[in-house]
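A short write-up of the structure that comes next.
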Amino acid sequence: MAYAYLFKYIIIGDTGVGKSCLLLQFTDKRFQPVHDLTIGVEFGARMITIDGKQIKLQIWDTAGQESFRSITRSYYRGAAGALLVYDITRRDTFNHLTTWLEDARQHSNSNMVIMLIGNKSDLESRREVKKEEGEAFAREHGLIFMETSAKTASNVEEAFINTAKEIYEKIQEGVFDINNEANGIKIGPQHPTTNSTLPSSQGGQHAGGGCC
Amino acid sequence: MNFLRGVMGGQTTGPQPTEAETIQKLCDRVASSTLLEDRRDAVRALKSLSKKYRMEVGVQSMDHLINILQTDRTDSEILGYALDTLYNVISNDEEEEQDESEDENAQKQGDDAGTKFTEKFLQDPEHITLLLTLLEEFDFHVRWPCVKLLTALLKNQGIQVQGIVLVSPMGVSRLMDLLADSREVIRNDGLLLLQQLTKGNAAIQKIVAFENAFERLLDIITEEGSSDGGIVVEDCLLLLVNLLKNNSSNQNFFKEGSYIQRMKPWFEVGEDNSGWSAQKVTNLHLMLQLVRLMVSPVNSPGATASSQKCMYQCGLLQQLCTILMATGVPADILTETINTVSEVIRGSQVNQDYFASVNAPSNPPRPAIVVLLMSMVNERQPFVLRCAVLYCFQCFLYKNQKGQGEIVATLLPSTIDANSISAGQLLCGGLFSPDSLSNWCAAVALAHALQDNLTQKEQLLRVQLATSLGKPPVSLLQQCTNILSQGSKVQTRVGLLMLLCTWISNCPIAVTHFLHNQDNVPFLTAQISENLGEDERLVQGLCALLLGICVYYNDNSLENYTKEKLKQLIEKRIGKENFIEKLGFITKHELYSRAALKPQPVFLSPEQMLFDHEFTRLVKELEGLITKAVHKSSEEEKKEEEVKKTLEQHDNIVTQYKELIREQDAQIQELKEKVASMTTQTEQLQATVSQQQSQIQQHKDQYNILKLKLGKENQSQSNNQGDTQVNGLQTEELSQLREQLEELRRQQTLLQTQLSEKDAVIDSLKSATQAAEGPAGGSDNTELLQELEALKNQVQSHLAEIGHLKAERQELQRRAEAASSDTAPPSDNSSDATNAELQSRLAAQTSETEKLKEGRSELEKQLASATSTVAILQTEKSKLQTEVQESKKEQDDLLMLLADQDQKIHSLKQRLKDLGETVEDEDDIDARDQTSDEEDEDED
């Protein structure tokens, strides 16, 4: 299907926090209650619409286990967005965020948009990490924050779409070099490439939007 | 060698010992020399020796060379020599080419050496990391040998090197960058490197795909001319195969990245297909393999289905069908294309329907299926091609009840078209042809038309065959058993038995038909009980299976062959144990498990063509059931039957209840939905009601305010009550009102100009009065009075006009109000739609009223200003009047004075007359009196 942009995402975070479930809920709109360990990485894709434009999301769901860490590092550089996930019912997954973030910052391109996600918000009774703590962590490290539930699908769409919006805004601002595919962004087949080479192509974008 | 002699001086006597020494010396120089040039020369010398004295150089210099790679990073020349030397030592490829003359033993030794040196090199994983960093060096003499060295290492110790590359974060992406190198040699060797790297390692395959490998490779393939391209295209395709084979994540990515669409142009072959190069054939083979990887029956059903859908939508399937029907395509490509089409349509209704509609470009056009079947039953066609056609036919019928029906229909008496060759005719022809391969293929093909399809199993029983003249027609079923009993080739009999088993299993009517022929059961028992040779064991097993099916799916409608009687027969004639053993011959056959692996019929030789994949599934399903059925005694059977019956009854009850529950569930669901929709409706209605109430309240308030205002103002001007409000005409009236308002405004401006004119007039009047104030003349006064009168009149008329305007305005207000109040009450219980309409109208009208109010207040303001002007004028007038009074009084005084003087004059005249003076006439005096007043006074 035709798209205006293609964004590459990765999903990272400790094992068992629900990364694969988030992806499955987003791509297939279903929930898999049995924990099936991800081996290496798994791929998923979906089309979304932002600002009237079709945007294709290609998502690599990585294994959370320590033994796969070196493999998953290979995916940081080429991603435009990352969903950093922890489990609100397991404090240790929250405590490990700093390590994950350091790893991501070290191996990714500097413009990668990182969305912090506190998953399993449906398990309020077993909550160990307050929402405020997640918000504070995100504020401190300049991340976007959301609490989601892959089980009830609460905020799942928003998490993926808001990340895309942030990337889209960065493109509009000219922060991303969209002609370098290594940044995890690709322009769709029909998109006028001449416009996109200009860093501040606000006007051009609007004109493009008008004719569509 | 000459060079070496030059360097080493005269040590050339007897090469062997001196070479070893030379290498030792060179290594020492590499290790200890402080001069870069010295080290460089030494490494160059080692390089030149490395091919001929591989072992020696390898053993002695490897550590030193690695050291050079670590320390002399700045000098690309020495790096290049060192890498070349290491490559020569480690790689086995060159050896093979160079030492063709040497015997195999030596080659094996060389391979061992390569492995040994590779192990040595890999002792420290950092060495691979080192090579990966050296890849960043742009210099051709460094990058190229580096690529080659890595490839050689991967070839010798793939798993280990893969592991090291995988854990170095930028490793794979650096290797991927090779594909973007502008120097073709490096790009092409980079392809070979990636091929080795991705072999059998899913994690690396995924990273390579993540690094945009699909995009790059497809671009290169296009640049190089697709299937017409050279070995580079082949290398790209091999790498793509590596990335996609058994890697569902990458397959998903390939599909989601819309790369399937990019495969379509690969298969756009021209009209002239003669003289394809060997390379083109290889390329197309790989391209077809890639298509098949995406739709392989071993993939998850969902993944295959969505790829199949995509291939139809983008026209890839259509393109493949064009190749299928094109002329001059090499046989092996045609075969592979048939296999590919098979898997693209397998189990996908849309694709199967499309395939059924494809016609061969012959005259008259024949369906592709018919043309293909003609090849299948043609002895002269290559064996693999016939297998491919059978596979295609099987895939066309897989989960395709519609297709199965269409094929069987071509055999039924009512639908046979005598003029054209049909699929059914070809299958029957194949079934009874002298060629056993055709028999087998046709039998299996026909079995697939019946697979899991009770209707077609029953339909096929109707088929009658005309044998020879003068004899009655024979049913197809009977003809099959006849041939079976005639003792033809094993392949033929196996094929027919598989067809019969498929046909009568799960179809009691067909079982009855089969048992109806008195010869069949004795034939089967004879076959099973006889002690035959090795070749016949499979046939015996299949006969046992067929008899077992007759027992298991028996509905006891034939008295001679009820379940019970058949079982007794088995026990007496064959023996239970013997029967079970014979039955086991099928699954114990060496070819059985091969066929069970995958749906495609692949056989090493035509003789091995014995089992069909679908049939192996049937055997698996039936073997246990039949064994049980035969072992059971009649009493047990009866008991079981009873239990079964009660169970069935229970089941029936349960299903009834289930259905009831389901129904009730549905009803509840429906009711719930209704309730939900009703609650929302009520909520909506309540909301609208409260909204409307508040609106009514608002309108009432407005109405009251307006009424109050109206009461304060003139009530007299209510003579325009003739106008009545009609609800439906509101919009029209509104526009009318608007027009009127417009007119009023126009009048207003007119009045204003008039007023300003008046102002001017008043101004002039003022100045005139001021001028007239001094010597007030009677005539001036009257003029002024007249003008004043006129002004008064004008003011009066303005007042009247303003009054009129006021009246009009009031009327408008009333109308607007009436309009708004009229609309409110009926909306209480009307529907939502009218509500909305009315609301919008109300809003429009309120705004109109608002506007009108504004206009009114403006008018009022203007009126006030006009009244104030009038007041000013009145004061002016009264001032003028008093002035006039004053001047009148003065005049009176003067008149009195005049009269006095007249009297005086008169008395004086009298006196003069008395004195005898002549006096002038009175009139003269009168006429002169005004001018001579002063004189008179002077005279006084």
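The values are calculated or read from the model by the stated rules, or taken from the named source; none is laboratory data. None of the values given here were measured: they were computed from a predicted structure. Cβ sites come from the backbone with ideal geometry, for glycine too, and all protein chains shown count toward neighbours.
Brief remarks on what is shown
- Count - residues of the range B:254-284 that are in contact with a Leu (Cβ under 9 Å, 6 or more places away or on another chain) and either within 14 Å of another protein chain (Cβ to nearest Cβ) or of a type outside the set (Val, Ile, Thr) (or both): 12
- Taken over the range A:20-37, the criterion of being more than 10 Å from chain B (Cβ to nearest Cβ) and buried (at least 17 other Cβ atoms within 10 Å of the Cβ) is satisfied by A:Ser20, A:Cys21, A:Leu22, A:Leu23, A:Leu24, A:Gln25, A:Phe26.
- Residues that are of a type outside the set (A, V, I, L, M) and modelled with pLDDT of 85 or more number at least 3 in the following helices (runs of 4 or more DSSP H) confined to the range B:19-114: B:36-50, B:54-71, B:76-90.
- Residues satisfying the criterion are absent from the range B:656-677 (criterion: among the charged types (D, E, K, R), part of a helix (DSSP H, G or I) and surrounded by fewer than 10 Cβ atoms within 10 Å (Cβ to Cβ)).
- When A:Ser108 is tested against (1) in contact with a helix residue (DSSP H, G or I) (Cβ under 9 Å, 6 or more places away or on another chain); (2) modelled with pLDDT under 95; (3) more than 17 Å from A:Phe26 (Cβ to Cβ), exactly one condition is not met: (1).
Rundown of residues vs (1) more than 30 Å from B:Thr410 (Cα to Cα); (2) free of Cβ contacts under 8 Å to residues at least 40 places away in the same chain; (3) surrounded by fewer than 19 Cβ atoms within 10 Å (Cβ to Cβ); (4) among the β-branched types (Val, Ile, Thr), yes/no style:
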position: B:Lys471; (1), (2), (3), (4): no, yes, yes, no
position: B:Gln479; (1), (2), (3), (4): no, no, no, no
position: B:Phe523; (1), (2), (3), (4): yes, no, yes, no
position: B:Asn556; (1), (2), (3), (4): yes, yes, yes, no
position: B:Lys572; (1), (2), (3), (4): yes, yes, yes, no
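- Check on A:Asn162, of a type outside the set (Lys, Arg) and closer than 23 Å to A:Cys21 by Cα: yes
- Every test in (1) surrounded by fewer than 22 Cβ atoms within 10 Å (Cβ to Cβ); (2) small (Gly, Ala, Ser); (3) within 13 Å of chain B (Cβ to nearest Cβ); (4) not in a strand (DSSP E or B) is passed by A:Gly16 save one, and that test is (3).
- Residue in the range B:244-253 that is surrounded by the most Cβ atoms within 10 Å (Cβ to Cβ), counting only those that are on the phi < 0 side of the Ramachandran plot and away from chain A (no Cβ under 12 Å): B:Leu244
- Check on B:Ser306, within 14 Å of another protein chain (Cβ to nearest Cβ) and free of Cβ contacts under 8 Å to residues at least 40 places away in the same chain: no
- Among the residues of the range B:194-206, the ones that are assigned to a loop (DSSP other than H, G, I, E, B) and within 13 Å of chain A (Cβ to nearest Cβ) come to 1 in all.
- Test set (1) surrounded by 23 or more Cβ atoms within 10 Å (Cβ to Cβ); (2) at pLDDT below 95; (3) within 14 Å of chain A (Cβ to nearest Cβ) - B:Val161 fails condition number: (3)
- Inspection of the range B:316-324 identifies no residue that is within 14 Å of another protein chain (Cβ to nearest Cβ) and within 30 Å of A:Leu57 (Cα to Cα).
- Candidate set: the range A:128-182, residues that are closer than 16 Å to A:Arg90 by Cα and of a type in the set (Asp, Glu); chosen: the one nearest to the other protein chains (Cβ to nearest Cβ): A:Glu147
- Residue match in the range B:376-393 (condition: in contact (Cβ under 8 Å) with a residue 12 or more places away in the chain, under 24 Å from B:Val511 (Cα atoms) and buried (at least 16 other Cβ atoms within 10 Å of the Cβ)): no
- Residues of the range A:64-100 satisfying the condition of being within 10 Å of chain B (Cβ to nearest Cβ), surrounded by fewer than 22 Cβ atoms within 10 Å (Cβ to Cβ) and within 15 Å of the chain's Cα centre (by Cα): A:Tyr76, A:Arg77
- Residues in the range B:164-193 that are surrounded by fewer than 22 Cβ atoms within 10 Å (Cβ to Cβ), of a type outside the set (A, V, I, L, M, F, W, C) and within 14 Å of another protein chain (Cβ to nearest Cβ): 5 in all.
- The residues of the range B:538-561 that are among the polar types (S, T, N, Q) and touching a helix residue (DSSP H, G or I) at 6+ places or on another chain (Cβ under 7 Å), listed by number, are B:Gln540, B:Asn554, B:Asn556, B:Ser557.
- Every condition in (1) farther than 21 Å from A:Arg91 by Cα; (2) over 18 Å from the mean Cα position of the chain (by Cα); (3) within 13 Å of chain B (Cβ to nearest Cβ) holds for A:Glu42 except the one numbered (2).
- Residue within the range B:306-316 that is over 22 Å from the mean Cα position of the chain (by Cα) and either β-branched (Val, Ile, Thr) or in a helix (DSSP H, G or I) (or both) present: no
- Within the range B:207-228, being crowded, with 23+ Cβ neighbours inside 10 Å, facing another protein chain (nearest Cβ under 10 Å) and either within 15 Å of B:Ile260 (Cα to Cα) or hydroxyl-bearing (Ser, Thr, Tyr) (or both) holds for one residue alone: B:Ala209.
- Hits in the range A:106-127 (condition: crowded, with 19+ Cβ neighbours inside 10 Å and more than 14 Å from chain B (Cβ to nearest Cβ)): A:Met112, A:Val113, A:Ile114, A:Met115, A:Leu116, A:Ile117, A:Gly118, A:Asn119, A:Lys120, A:Ser121
- From A:Asp61, A:Asp103, residue being assigned to a helix (DSSP H, G or I), acidic (Asp, Glu), crowded, with 16+ Cβ neighbours inside 10 Å and within 14 Å of chain B (Cβ to nearest Cβ): A:Asp103
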